[in-house]
1. Kindly list, by first and then second residue, each pair from a residue in segment 73-101 that is touching a residue at least 60 places away in the same chain (Cβ under 8 Å) to a residue that is among the charged types (D, E, K, R) and part of a strand (DSSP E or B), limited to pairs with Cβ atoms under 8 Å and residues at least 6 apart or on different chains.
2. Would you tally the residues in segment 179-222 being of a type in the set (A, V, I, L, M, F, W, C), touching a residue at least 24 places away in the same chain (Cβ under 8 Å) and farther than 30 Å from Asn157 by Cβ?
3. For residues that are of a type in the set (A, V, I, L, M) and within 16 Å of the ligand (Cβ to nearest atom), scanning just segment 218-263, find the one that is nearest to Gly291 (Cα to Cα).
4. Report whether or not Asn195 is farther than 30 Å from Leu20 by Cβ, modelled with pLDDT of 95 or more and surrounded by fewer than 17 Cβ atoms within 10 Å (Cβ to Cβ).
5. Spot the failing condition for Phe240; the list is (1) touching a residue at least 40 places away in the same chain (Cβ under 8 Å); (2) within 21 Å of Lys312 (Cα to Cα); (3) surrounded by fewer than 16 Cβ atoms within 10 Å (Cβ to Cβ), and only one is missed.
6. Please specify each residue of segment 56-81 satisfying the condition of being out of contact with any Gly (no Cβ under 6 Å at 6 or more places or on another chain) and of a type in the set (Val, Ile, Thr).
7. From (1) under 22 Å from the mean Cα position of the chain (by Cα); (2) free of Cβ contacts under 8 Å to residues at least 60 places away in the same chain, pick out the condition that doesn't hold for Lys325.
8. Restricting attention to segment 210-231, and to residues there that are among the small types (Gly, Ala, Ser) and more than 22 Å from Gln298 (Cβ to Cβ), which single residue is surrounded by the fewest Cβ atoms within 10 Å (Cβ to Cβ)?
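The values are calculated or read from the model by the stated rules, or taken from the named source; none is laboratory data. Since this is a predicted model, take the numbers as computed values, not measurements. Here Cβ is always computed from backbone atoms with ideal geometry, including for glycine, and neighbour counts include all displayed protein chains.
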Amino acid sequence: MNEIINQPEFVKNDVDLQLLNTMACPSVAQFFCTILNVEQLKLAFEWAKQNNLNTHILGEGSNLLLANKIAGLVINIKITGLVINQSNQEHCIITIGAGENWHNSVIKLSEKNLNGLENLSFIPGSVGASPVQNIGAYGVEVGDLIQSVEYFDPQTNTVTQIKNTNCDFSYRDSIFKSGELQQVVILTVTFKLSNKFDPVNTYAGLPKEVSTSKNWIEYIGKIRWSKLPNPIDVPNAGSFFKNPIVTKHEFKQIKQQHNNIVSFDLGDNVKIPAAWLIDQLGFKGQINSDGIGCYKNQALVLVNTKKQSRDKILDKAIEIQKSVKQHFNIKLEIEPQLLG
Ligand SMILES: Cc1cc2nc3c(=O)[nH]c(=O)nc-3n(C[C@H](O)[C@H](O)[C@H](O)COP(=O)(O)OP(=O)(O)OC[C@H]3O[C@@H](n4cnc5c(N)ncnc54)[C@H](O)[C@@H]3O)c2cc1C
């Protein structure tokens, strides 16, 4: 290995990341830094480039599977701030720093009577990661409320703003996750929120009437935590598999074999709940001797009760994928991203 030169004081060596990922995978970063502003971010990338080091962006680690050892520099984004830019009678434009906690931001906005994000309350993670996989829950996706995203591009050393329409938001995906902006660092996210509380209640099981956004958020919390384990008690990364989307033609063939299959019509395509597929195969509540398996109340969530390595989690995931493929001829895709 080449000698490391000019290491800034804010870059630390051999940092333990087990407490910085909700799956609690044991993981050590060769180099690690916490970033509070864009100037520091530029310095971190400059230094990594000078020393030929790979870089990895970490938010709150709630949608990641970390390797045991991560070579290079892990950059933890902690840029803060919440600014109200413009408001009129109907709407408000608000810019939030990427390092702010997502749920706390939703609560702060709701207290200011800025509405629209309530159904996404209690989703773990940072504001900066929210556009990456276009977080969604209970009939709302964050891409519905984002106006623009400001990012730093380490290749060009520039800061740019991209409008919502160019972010390619789709189900658990965006230009930042699988498109041409995978290498950029999100600095701030700008939302267009409503001054009127008008909850989205189309998702089955949500009440038709609730008087305040505070009550609505409490209700969302209740239904969320009745199904999902809190990572503080049971390590997990939320939904481990994406819900597969197949063409109408493919669905017809699957239905011929499995008449009772659950599905949601998306127009040209059909969405099949991955939890239902996994449940049919008896994985729900089955935890192996490594403490890894599908959570008892929600088959889609893989839990890592004994804080095992990513490799062991992936072994279990592959077993589930193979079983679903064999039985239903459907490919399950893993939702969390691999880091390192
Ligand atoms: C219990 C539980 C429930 C969950 N429920 C939901 C849910 O209902 N809906 C949903 O969509 N997700 C859900 N998730 C997944 C997760 O909370 C979200 O994906 C969240 O947005 C991840 O935020 P994070 O800061 O932890 O990102 P991380 O896990 O740290 O990173 C995720 C990805 O984003 C990248 N990234 C992070 N910050 C930045 C940045 N500033 N710039 C560029 N890239 C960045 C990382 O490199 C990585 O590729 C759940 C997770 C858990 C543990």
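1. From segment 73-101, the pairs are His91/Lys192; Cys92/Lys192; Ile93/Lys192; Thr95/Glu150.
2. Step one: filter segment 179-222 for residues of a type in the set (A, V, I, L, M, F, W, C), giving 181, 184-187, 189, 191, 193, 197, 200, 204, 206, 210, 216-217, 220.
Filter once more, keeping what is touching a residue at least 24 places away in the same chain (Cβ under 8 Å): 181, 184-187, 189, 191, 193, 197, 200, 206, 216-217, 220.
Filter once more, keeping what is farther than 30 Å from Asn157 by Cβ: 193, 197, 200, 206, 216-217, 220.
Going through segment 179-222 one residue at a time, the tally reaches 7.
3. Kept after step one, since they are of a type in the set (A, V, I, L, M), are these residues of segment 218-263: 220, 223, 228, 232, 234, 237, 245-246, 254, 261-262.
With the extra rule that they be within 16 Å of the ligand (Cβ to nearest atom), the set shrinks to 220, 223, 228, 232, 234, 237, 245.
Numbers: Ile220: 29, Ile223: 25, Leu228: 17, Ile232: 16, Val234: 10, Ala237: 15, Ile245: 30 Å.
Top of the filtered list is Val234.
4. Details: farther than 30 Å from Leu20 by Cβ: yes; modelled with pLDDT of 95 or more: yes; surrounded by fewer than 17 Cβ atoms within 10 Å (Cβ to Cβ): yes.
Yes, satisfied.
5. (3)
6. Within segment 56-81, Ile57, Val74, Ile75 meet the criteria.
7. If we test Lys325 against (1) under 22 Å from the mean Cα position of the chain (by Cα); (2) free of Cβ contacts under 8 Å to residues at least 60 places away in the same chain, just (1) comes out false.
8. So in segment 210-231, the residues among the small types (Gly, Ala, Ser) come out as 211, 213, 221, 226.
Within this subset, residues satisfying the condition of being more than 22 Å from Gln298 (Cβ to Cβ) are 211, 213.
Working: Ser211: 8, Ser213: 23.
Among residues in segment 210-231 that are among the small types (Gly, Ala, Ser) and more than 22 Å from Gln298 (Cβ to Cβ), the one surrounded by the fewest Cβ atoms within 10 Å (Cβ to Cβ) is Ser211.
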